[in-house]
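Scroll down for the structure; my scribbles are underneath it.
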Amino acid sequence: MPSSPEPPVLSARAMRRVTFAAAAGNTIETYDYAVYGFLTVILSKLFFPGAQPGVALLSAFAVFGVAFVVRPLGSLVFGAIADRFGRRTSLLGTLVLVAGATTVIGLLPTAASIGIWAPILLVLMRLLQGLAAGGEYSTAMVYAAEFTPQNRRGAMTSRVQLGSVVSLLLAAGIVLLLNATLTREAMTAWGWRIPFLLALPLGLFGIYIRTRLEESPEFRALAQAGELPAAPVKEAFARHWRLIVLVFGVAAFQQIGYYVAFTYAQSYIIQLGFTPGQATLATVVSIAVAIVLVFVGGPLSDRIGRWRMLLGLSVVMIVTAYPLFAGLSSARSLPLLVLMTVALGVVPALYTSVAPATYIEVLPAKVRGTVFAVGFAVAAALLGGPALYVSQFLVEVTGDHRAPAYFMMFGAVLSLFAALAVRRRRATPLLADRVAVADGQSPRREAEQV
């Protein structure tokens with residue numbers, strides 16, 4: 001990295017603007033994914049009406065996972081754009097694509113109107129969503145982190161991560177409101193379209209915010225020094241494939257835990273015999289608690305180190321996943337249901353607050369966008385996307401409502417080994433780290449700082 005450019009010195013107001021702009025698109029992207037997850041029971045009836053209930057639900061979950069299959073392709077496209085043409089350019093492109101595709105889903109005719117074309121068009125829109133998502137999360141995190149010194153980076157990236165969790169709350173809240181105000185017949189006939197159509201005004205607002213962004217200091221420094229990679233994808237795979245694997249490992253539990261605890265849980269609870277309104281209420285409370293935990297987790301990682309938290313949380317999830325699902329599946333009252341749903345989301349929420357800063361600090365600036373996007377997108381495609389399907393499949397095959405715990409434990413084991421690998425790495429210095437030095441602060445220098 002060139003040493004000539006001055007470190008970025010931003011006011012508190014400017015930092016809030018950077019955080020908000022990065023989080024806004026992340027919020028919209030996750031909202032679009034979450035809406036589909038919360039409406040899978042209805043969508044399964046509308047787009048796969050001829051199948052048995054269990055098969056139709058699995059089909060709807062499979063379409064949810066389709067978007068994750070193309071995320072690696074999207075990561076190659078938008079990650080390369082971020083490293084070659086700028087973080088800002090990539091952020092605008094992903095937001096336009098995901099908001100447009102989600103709006104179209106809200107306008108799609110169902111299988112009753114156009115037959116087989118209905119699920120085909122649904123899959124196509126989900127593919128476009130997946131392409132955009134392949135670069136959105138990683139680029140937003142990279143953009144925000146590159147303005148922030150190390151001793152505040154966990155706090156900063158966790159604020160951006162809040163966008164993802166808030167979007168879950170927004171999506172769940174809208175679905176809960178619709179379930180409370182509409183009859184089941186109205187919800188199935190037209191109410192399900194409303195959450196998807198809201199992506200249009202949300203997307204336009206996000207695009208407006210992002211057009212006002214400046215480029216990140218890291219990218220500007222590379223551009224001024226003439227060090228932008230001509231072929232970031234080639235360089236990422238040829239020289240940094242181990243880092244792609246490391247990002248995948250860290251993301252493993254983040255992907256599985258996040259989608260099982262905050263998206264699959266709603267459909268899972270309905271299958272336990274609770275009403276859609278009760279299931280959504282329990283999920284909303286769980287997400288609300290998760291927002292607080294994400295807010296706390298990032299700053300905590302600035303104090304005690306990233307790898308310690310990643311390791312400890314992975315161990316806790318391995319030990320508690322099965323008891324948590326046992327308690328959730330045996331809940332018979334609404335208060336107990338809410339309590340167990342909240343408990344299931346505690347560790348995933350804390351983990352997802354720590355992981356983003358970790359990704360940034362183990363990656364070199366030249367290919368940070370590409371390596372982060374590819375590693376994270378592959379984890380999303382192989383673990384996050386299939387999370388709903390695999391969890392439901394385990395229940396269907398075993399007849400055991402506690403079976404999804406095994407999938408969460410699997411992800412935690414992968415991330416446990418990744419946390420040990422992070423421990424052995426020294427954090428990559430960023431230009432923003434020089435701000436802390438100029439202010440008389442002392443960023444940690446030992447290997448365990450990440």
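Can you tell me which of 197-210, 29-42 comes out highest on packing, and rank the rest after it, using the mean Cβ neighbours within 10 Å?
Peptide ranking by packing, descending: 29-42, 197-210.
So for the pair Thr188, Leu73, with labels modelled 7 Å out along Cα→Cβ, what separation do we get in nm?
3.4 nm
Please express the Cα-Cα pair-distance distribution P(r) of segment 235-348 as a list of whole percents, one per 10 Å bin, running from 0 to the bin with the greatest distance.
Using 10 Å bins, I get a P(r) of 13, 39, 28, 15, 5, 1 for segment 235-348.
Compare the peptides 365-376, 145-156 by average per-residue count of other Cβ atoms within 10 angstrom and give them in order, highest first. If you can, show how the numbers build up before the last one.
Working: 365-376: 29.9, 145-156: 24.9.
Highest mean packing first, the order is 365-376, 145-156.
Report the dimensions of segment 168-307 along its three principal axes from the alpha-carbon atoms, largest first, rounded to Å.
61, 36, 30
Go ahead and run the numbers for FRET between Tyr406 and Leu336, Cβ-Cβ distance against an R0 of 25 Å, rounding to 0.05. Can you show the working numbers first?
Details: r = 23 Å, r/R0 = 0.92.
Plugging the Cβ-Cβ distance into 1/(1 + (r/R0)^6) gives 0.65.
Let me know the shape class of segment 291-338, please: from the alpha-carbon gyration tensor, a ≥ b ≥ c as square roots of the eigenvalues, rounded when a/c is under 1.5, otherwise prolate if a/b is greater than b/c, or oblate. Please list the in-between numbers first.
Working: a/c = 6.47, a/b = 1.88, b/c = 3.44.
The shape class here is oblate.
Net charge near Asp32, counting Lys/Arg +1 and Asp/Glu -1 over other residues with Cβ under 15 Å of its Cβ? Intermediate results must be reported in sequence, preceding the final value.
On the way: positive: Arg71, Arg126, Arg193; negative: Glu29, Glu136.
Computed value for this residue: +1.
What's the FRET efficiency of Ala112 with Leu228 using the Cβ-Cβ distance as r and R₀ = 56 Å, to the nearest 0.05?
Working: r = 52 Å, r/R0 = 0.92.
Using R0 = 56 Å, I get an efficiency of 0.60.
Please determine, in degrees from 0 to 90 and to the nearest 10, the orientation of helix 387-398 with respect to the longest principal axis defined by the Cα atoms of the chain, where the helix direction is its Cα long axis.
It works out to around 40 degrees.
How much accessible area does Val18 have with a 1.4 Å probe, in Å² rounded to the nearest 10?
About 10 Å², ignoring ligands and nucleic acids.
Sort the following peptides by mean Cβ neighbour count (other Cβ atoms within 10 Å, averaged over residues), highest first: 407-418, 324-335, 378-389.
Working: 407-418: 21.9, 324-335: 15.8, 378-389: 24.6.
Listed from highest to lowest mean packing, they are 378-389, 407-418, 324-335.
Given an 8 Å cut-off on Cα distances and at least 6 residues of separation, report the relative contact order of segment 83-208 as a percent. Don't skip to the end; give the middle numbers.
Values: 99 pairs, mean separation 51.8, N = 126.
After rounding, I find 41 percent.
Given the chain reduced to its alpha-carbon atoms as identical point scatterers, what log10 I(q)/I(0) does the Debye formula return at q = 0.06, 0.07, 0.10, 0.12 Å⁻¹?
Cα-only, vacuum Debye calculation for the chain: -0.23, -0.32, -0.65, -0.94.
Tell me the per residue accessible area of segment 71-191 using a 1.4 Å probe; a whole number in Å² is fine. Mind showing how you got there, number by number?
Values: 3940 Å² over 121 residues.
With all protein chains present, segment 71-191 gives 33 Å² per residue.
Find out how many positive minus negative residues lie around Thr139, taking Lys and Arg as positive, Asp and Glu as negative, among other residues whose Cβ is under 10 Å from that of Thr139. Please list the in-between numbers first.
Numbers: positive: Arg87, Arg88, Arg368; negative: Asp83, Glu136.
Residues close to Thr139 contribute a combined charge of +1.
Can you tell me the FRET efficiency between Arg212 and Glu396 if r is taken as the Cβ-Cβ distance and R0 is 45 Å, rounded to the nearest 0.05? Provide the component values of the computation, followed by the final result.
Values: r = 48 Å, r/R0 = 1.08.
E(calc), rounded to 0.05, equals 0.40.
If you scale each eigenvalue of the Cα gyration tensor by 5 and take the root, what three semi-axes come out for segment 200-273, rounded to whole angstrom and sorted largest first?
Working: eigenvalues 263, 118, 16 Å².
So the equivalent ellipsoid measures 36, 24, 9 Å along its semi-axes.
Give me the tail of P(r) for segment 135-197 as a percent: Cα-Cα pairs with distance above 16 Å.
Details: 1136 of 1953 pairs.
Everything past 16 Å amounts to 58 percent.
Once the Cα atoms of helix 117-145 and of the chain are each reduced to a long axis, what angle between those two axes, in degrees from 0 to 90 to the nearest 10, is obtained?
Long axis of 117-145 versus the principal axis of the chain: about 30 degrees.
Tell me, what are the semi-axes, in whole angstrom and largest first, of the equivalent ellipsoid of segment 83-150 as set by the roots of 5 times the Cα gyration tensor eigenvalues? Provide the component values of the computation, followed by the final result.
Details: eigenvalues 227, 17, 15 Å².
Equivalent-ellipsoid dimensions as semi-axes: 34, 9, 9 Å.
Taking all protein chains as present, what is the carbon and sulfur share of the accessible area of segment 194-353, in % to the nearest whole number, probe 1.4 Å?
Details: 4350 of 6100 Å².
Percent of accessible area from carbon and sulfur atoms in segment 194-353: 71.
Given N residues in segment 264-318, what is Rg(Cα) / (2.2 N^0.38 Å)? Present the calculation step by step, with values, prior to reporting the outcome.
Working: Rg = 15.2 Å, N = 55, 2.2 N^0.38 = 10.1 Å.
Normalised by 2.2 N^0.38 Å, the Cα Rg of segment 264-318 equals 1.51.
Summarise the long-distance tail of P(r) for segment 269-402 by giving the % of C-alpha pairs beyond 17 Å.
Details: 6067 of 8911 pairs.
Within segment 269-402, distances greater than 17 Å cover 68 percent of Cα pairs.
Taking the Cα atoms only, what angle lies between the long axis of helix 53-69 and the longest principal axis of the chain, rounded to 10 degrees?
It works out to around 20 degrees.
Of Val104, Tyr143, Ile270, which is farthest along the charge dipole of the chain in the positive direction, counting Lys and Arg as +1 and Asp and Glu as -1 at C-beta?
Towards the positive end, the residue furthest out is Tyr143.
For the chain, what does -39500 (n - 2.57) per DSSP helix run (n ≥ 4), summed and divided by total residues, give at 222 nm, in deg cm²/dmol to the nearest 500?
Working: 21 runs with 341 residues, N = 450.
That calculation yields -25000 deg cm²/dmol at 222 nm.
The values are calculated or read from the model by the stated rules, or taken from the named source; none is laboratory data. Please read all numbers here as calculations on a predicted model, not as lab measurements. Glycine also receives a Cβ, built like all others from the backbone with ideal geometry; neighbour counts cover every protein chain displayed. Remember, those area values only see protein heavy atoms, side chains included, never the ligands or the DNA or RNA. Shrake-Rupley method; radii C 1.70, N 1.55, O 1.52, S 1.80 Å.
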